[in-house]
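Peer 1: Right, I'll just put the structure down here and ask away after.
The values are calculated or read from the model by the stated rules, or taken from the named source; none is laboratory data. Just so it is clear, the structure is predicted and the values come from calculations on it, not from any experiment. Because the Cβ atoms are built from the backbone with ideal geometry, glycine has one as well, and the counts that use them run over all protein chains shown.
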Amino acid sequence: MEESPNFKPFGLSAFALAVIGWGGLYVVLTQTLPFVWSRWGFFVLLFMALTGTSLPIVFYFHRRFPAEPPANGDVIIRQATWVGVYGATLAWLQLGQLVTLYIILGLAGGLIAAEYFIRIREKATRRQPIIHDDNPS
């Protein structure tokens, strides 16, 4: 049985992403005008902030509710990244005033379904069939 990962390797990354993301968002929102590069910076920094903030939460959920086989570090990072993608996409859609309840739920459902199918693929193991040739000819 595979051991669940320790939080120590994720700690510095999560802290750096969260501090740079939230600090950068503060600077972008208070010190810049809404031109193209500051908007792109907003989305990148929002993605970093949400990913860094959700990394310890995703790790805790995997620790609290373990799966069989236990999730490794790649799964935890990917799921925290989905949170950042979800938040940044909703913020981008809000610029065009395209966000409705159906968009929010549909995007969340699509990302959850994508993660579900990726986890199914990771759990599946393909084994080559063993062919016994009892017939010497």
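Peer 1: Output the residues belonging to region 12-37 that are more than 22 Å from Thr53 (Cα to Cα) and surrounded by 12 or more Cβ atoms within 10 Å (Cβ to Cβ).
Peer 2: From region 12-37, those more than 22 Å from Thr53 (Cα to Cα) are 31-37; that's our starting set.
Selection gives Thr32 alone.
Peer 1: Are any residues in region 62-72 exposed (fewer than 13 other Cβ atoms within 10 Å of the Cβ) and modelled with pLDDT of 85 or more, and if so, which ones? Don't jump to the end; show me each part of the working.
Peer 2: Let us first name the residues in region 62-72 that are exposed (fewer than 13 other Cβ atoms within 10 Å of the Cβ), namely 64-69.
Scanning region 62-72 gives Arg64, Phe65.
Peer 1: Also, I was wondering about something else. Which of the residues that make up region 74-84 are out of contact with any Leu (no Cβ under 6 Å at 6 or more places or on another chain) and surrounded by 14 or more Cβ atoms within 10 Å (Cβ to Cβ)? Outline the logic, then answer.
Peer 2: Taking region 74-84 as the starting set, the residues that turn out to be out of contact with any Leu (no Cβ under 6 Å at 6 or more places or on another chain) are 74-79, 81.
Answer for region 74-84, where residues must be out of contact with any Leu (no Cβ under 6 Å at 6 or more places or on another chain) and surrounded by 14 or more Cβ atoms within 10 Å (Cβ to Cβ): Val75, Ile76, Ile77, Arg78, Gln79, Thr81.
Peer 1: Take the residues of region 38-61 that are touching a Gly at 6+ places or on another chain (Cβ under 9 Å) and surrounded by fewer than 20 Cβ atoms within 10 Å (Cβ to Cβ): which is farthest from Ala14 (Cα to Cα)?
Peer 2: Restricting to residues being touching a Gly at 6+ places or on another chain (Cβ under 9 Å) and surrounded by fewer than 20 Cβ atoms within 10 Å (Cβ to Cβ), the top hit is Gly41.
For (1) under 14 Å from the mean Cα position of the chain (by Cα); (2) of a type outside the set (Val, Ile, Thr), each residue gets a yes or a no:
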position	(1), (2)
Gly23	no, yes
Ser38	no, yes
Gly41	no, yes
Leu50	yes, yes
Asp74	yes, yes
Ala88	yes, yes
Ile120	no, no
